[in-house]
1. Suppose the Debye formula is applied to equal point scatterers at every Cα of the range 103-256; what is log10 I(q)/I(0) at q = 0.11, 0.12, 0.17, 0.20 Å⁻¹?
2. Quick check: convex hull over the Cα atoms of the range 199-257, volume per residue in Å³, rounded to an integer?
3. If you wrap the range 228-286's Cα atoms in a convex hull and average its projection over all directions, what's the area in nm²?
4. If the range 170-283 were replaced by its equivalent ellipsoid, with semi-axes equal to the square roots of 5 times the Cα gyration tensor eigenvalues, what would those be, largest first, whole Å?
5. So how compact is the chain: Cα radius of gyration and Dmax in angstrom?
6. Once the piece of chain linking residue 52 and residue 98 is laid out straight, how much longer is it, given 0.36 nm per residue of separation minus the C-alpha distance between them?
7. Working out 0.36 nm times the residue gap between residue 181 and residue 150, then minus their Cα-Cα distance, what length gain in nm do you get to one decimal?
8. Got a sec? How would 133, 123 order by Cβ neighbour count within 10 Å, fewest to most?
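What follows is calculated from the coordinates using simple rules that are stated; it is not laboratory data. Given the structure is predicted, the values throughout are model-derived calculations rather than measurements. We place every Cβ from the backbone using ideal geometry, glycine too, and count neighbours over all the protein chains shown.
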């Protein structure tokens, strides 16, 4: 029982990291109509930027984190403005867009390797002494990760439901042509969406680096199958679905790791494929959700 509770605690931490990553990824997929395979490599970009700012320039922890996350957000927005939108206007096929995203990811990964090498790096954080909470032993830094994820999800909910930008994002997810005819600046809103999802990408990469202690340019690559599975289980383009699916897959994958550490990723991929075949709209969306928008 103690082992199950401890693994559940780890699952909650993993679910928090995956939720931050998957929400941004699924919004780019569902609203921007682009499967961004560079996403997981941009996650590590924020970790390396933070390492450079704290170790080389000796900036304060929170300042370097904010600058690193913001930089990834700007890179993401630039990718949409200068690559994705121009290719989409030219009618480039879906598969070619997929290859373009993969190419950006390769450039980022090997660029980081060229600068930093293949060595592992560490970002030191305070609060490494475990605390016992409901039978789970979690460090203060892990509790902060869970708290950050909850706070960000609440803020995202307010953004999507209470602001003009959120309503514009939902309108574009339903019908971008109709949204534009109603006065929505589609390109501007999409750039903002990619900025927002890039911030989530950078934040998830940074907390992943905090949680794993050691990281290199390929650390986040293993997260891609989980993020894809969450997007499919939660419903492509559904931010709320991604939140629920991240919790489900984060917990289940850690529970099955008790049997064999290799089973977690297998279960995640199997779940994503099964849901895509039997319920393409996702487990956390009604079959009529597409009529109201993917967000």
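1. Result of the Debye calculation: -0.59, -0.69, -1.21, -1.40.
2. 93 Å³
3. Values: hull surface 13.8 nm².
Averaged projected area of the range 228-286's Cα convex hull equals 3.5 nm².
4. Working: eigenvalues 187, 80, 17 Å².
So the equivalent ellipsoid measures 31, 20, 9 Å along its semi-axes.
5. For the chain, the Cα-based Rg and Dmax read 18.8, 58 Å.
6. Working it through step by step, the gained length comes to 13.5 nm.
7. Between residue 181 and residue 150, full extension yields 7.6 nm more.
8. Fewest-to-most Cβ neighbours within 10 Å comes out as 133, 123.
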